[in-house]
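The numbers here are math on the coordinates, done by the rules we state, and not lab data. All values derive from a computational prediction rather than experimental measurement. FYI the Cβ positions are ideal-geometry reconstructions off the backbone, even for glycines, and counts take in every protein chain you see.
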Amino acid sequence: MSGVVSTGVPRWLRQVGVVGALLLALMLWFVVDAGVARAQRFGPPWQSEVVVERTVVYSQPDRGSQPVGPLPRGAIVVVWGEMQGADGEKWLAIPDGFLPSGDVQEKFDSWVGEVAQPTVSVYAKPFVASGVRRTVRLGDLLRVTGVSAGLEGDDNLWWATTEGFLPLDSVRTATGEWAQRWSLPEASEAAGGWWGAVSSQANVRLGSSLDAPVVGQFAGGERIKVLAEEEGQAINGNGVWYRIDGGRFAGARIHSSLVRKLPDPRPNTTAPSDGLRDSWIVVDRSASSLTFVEGGEAKFVTYVSLGQAGVDTPTGSYSTMGKFRGDRMSSRNVANPTRPYDLPNVPYTQYYLDGGFAIHGTYWHDGFGTPESQGCINLTWTDAAYLFSLTVPEVPEGVNERWAAPEAATRVVILG
């Protein structure tokens, strides 16, 4: 078996189809108490990671049944649901069989995958009719964010990536040197970055040379944050490359000649109407900016993407009532969505208003400073991580979520 359990669809899944399997998984999910499944608030499918040295996939939820094969620590699996076996042990249903629940842990962070087929189409959304965004080839690297079931009647499972959606059997865990080097920036780096606009079509690479793998392209006009300058291969006499933050390619590199510096966002320290707090967030819709205020002074300022026409980001005073290191955002869970979508493990999500309104990291676009969202407040991956570390309630390492009453949370002021 491969490091990622995605090499085939079992007979029971082919027989009932994805919709039927989802219904079955939901029934299984509610058989037992919260446990492993609780953090996936909206049910299966979700991704998990093996956390023991070695586990075994069985054909039935029973250690006496036929073994399908072993999986090592770190293997990533797709989970359909949780159930209780005849012996009282909890089991997870996965596409290849069943795993003991205690051997895996739900995975909320991203990982680097490589394309496992000669050519694969990357779709805009988890259904074929959404259109092809790009074509990738054997060995190409992608940042995988989670797993999605098909939308709009599509009967497939999909890996969600920062470039779009791919069929489950087309991606495997990448183990090469370049994959190991593609790490996300540290949250603390956000405060020292500066904003730039991509000036023309540009390849995005994993290193500061033309020999480094290309992980994607900018069309021109995208807005990114530059976190560091690096000396690398000279192009037309210029050897300066930028390590960047953004949505799709956080932690990758782009040559400096392809980035134009933008004016720094201006801080806005407007206090909440209910009186001063030790710290609060100000979102200025007119400037597409976010300021974290501490002790009356701006500690952190950045550009954000806000709601598009017809789905405006609401003005007012709110609080960070719920915080998630990774949370699913799906049109299945929204009343009257304007378009179908399913985004697993949206990073560093902080809800501030019922109806799904949140401040969160964004891995599917690089249009920061321009309207892009369905009403939420979109930040780069690293900006979102840094802001998440500053606000309350605190979320300890290894924990996915925390909720708090308004008086125990960070205030959020959104200005028109």
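Of note:
- Charge tally for residue 143 (other residues, Cβ to Cβ under 9 Å; Lys, Arg +1; Asp, Glu -1): 0.
- Environment charge at residue 247 (Cβ cut-off 12 Å; Lys +1, Arg +1, Asp -1, Glu -1): -2
- For residue 373, residues with placed amide H under 5 Å, excluding near neighbours: 306, 307, 308
- On full extension, the segment bounded by residue 201 and residue 408 gains 69.9 nm, given 0.36 nm per residue less the C-alpha separation.
- Positive dipole terminus of the range 316-371, leading residue within 326, 369, 340 (C-beta point charges): 326
- Around the amide H of residue 171, modelled in the peptide plane, lie the amide H atoms of 116, all under 5 Å away and 5 or more residues distant in sequence or on another chain.
- Each part gets one Cα centre, and for the range 296-336 versus the range 70-114 those centres are 31 Å apart.
- Only Lys, Arg, Asp and Glu carry charge here, each on its Cβ (+1 for the first two, -1 for the last two); on that basis the range 279-415 has a dipole of about 220 debye about its Cα centre.
- With a Förster radius of 30 Å applied to the C-beta separation of residue 219 and residue 152, the computed FRET efficiency comes to 0.70.
- Relative to the longest principal axis of the Cα atoms of the chain, the long axis of helix 381-390 lies at roughly 80 degrees.
- On full extension, the segment bounded by residue 336 and residue 210 gains 40.7 nm, given 0.36 nm per residue less the C-alpha separation.
- D_trans [Stokes-Einstein, Kirkwood Rh over alpha-carbon pairs] for the range 183-261, 20 °C, 1.002 mPa s, µm² s⁻¹: 174 µm²/s
- Applying the Karplus relation 6.51 cos²θ - 1.76 cosθ + 1.60 with θ = phi - 60° to the range 159-166 yields 3J(HN,Hα) values of 7, 8, 10, 6, 9, x, 10, 10 Hz, where x marks Gly and Pro.
- Measuring r between the beta carbons of residue 117 and residue 183 and using R0 = 22 Å, the FRET efficiency lands at 0.30.
- Peptides 397-405, 162-170 ordered by packing proxy, namely the average of other Cβ atoms within 10 Å per residue, highest first: 162-170, 397-405.
- As a rough footprinting exposure proxy, the listed residues 94, 359 were ranked by other beta carbons within 10 Å of their own, and the order from fewest upward is 94, 359.
- Estimated 222 nm signal from helices in the chain, with DSSP H stretches of n ≥ 4 weighted -39500 (n - 2.57), rounded to 500: -2500 deg cm²/dmol
- Debye-sum result for the range 279-415 in log10 I(q)/I(0), which assumes one identical scatterer on each alpha carbon, at q = 0.13, 0.22 Å⁻¹: -0.49, -1.55
- Principal-axis analysis of the Cα atoms of the chain puts helix 11-29 at an angle of about 70° to the longest axis.
- Phi-derived couplings, Karplus 6.51 cos²θ - 1.76 cosθ + 1.60 at θ = phi - 60°, listed residue by residue for the range 120-129: 9, 7, 9, 9, 5, 9, x, 6, 4, 5 Hz, with x used for Gly and Pro.
- Along the range 171-182 the Karplus relation, 6.51 cos²θ - 1.76 cosθ + 1.60 evaluated at θ = phi - 60°, assigns HN-Hα couplings of 9, 10, 5, 7, 10, x, 4, 5, 4, 5, 7, 7 Hz to successive residues, with x for each Gly and Pro.
- FRET efficiency, residue 298 to residue 89 (Cβ-Cβ, R0 60 Å, nearest 0.05): 0.65
- Antiparallel content of DSSP bridges confined to the range 279-415, in %, to 5: 75 percent
- Under the convention that each Lys and Arg Cβ holds +1 and each Asp and Glu Cβ holds -1, the size of the dipole of the chain around its Cα centre is about 700 debye.
- Amide H contacts of residue 299 (H built 1.01 Å from N, under 5 Å, at least 5 apart or other chain): 292, 293, 294
- Farthest towards the positive end of the charge dipole of the chain, among the residues 293, 142, 61, is the Cα of 142, using unit charges on the Cβ of Lys, Arg, Asp and Glu.
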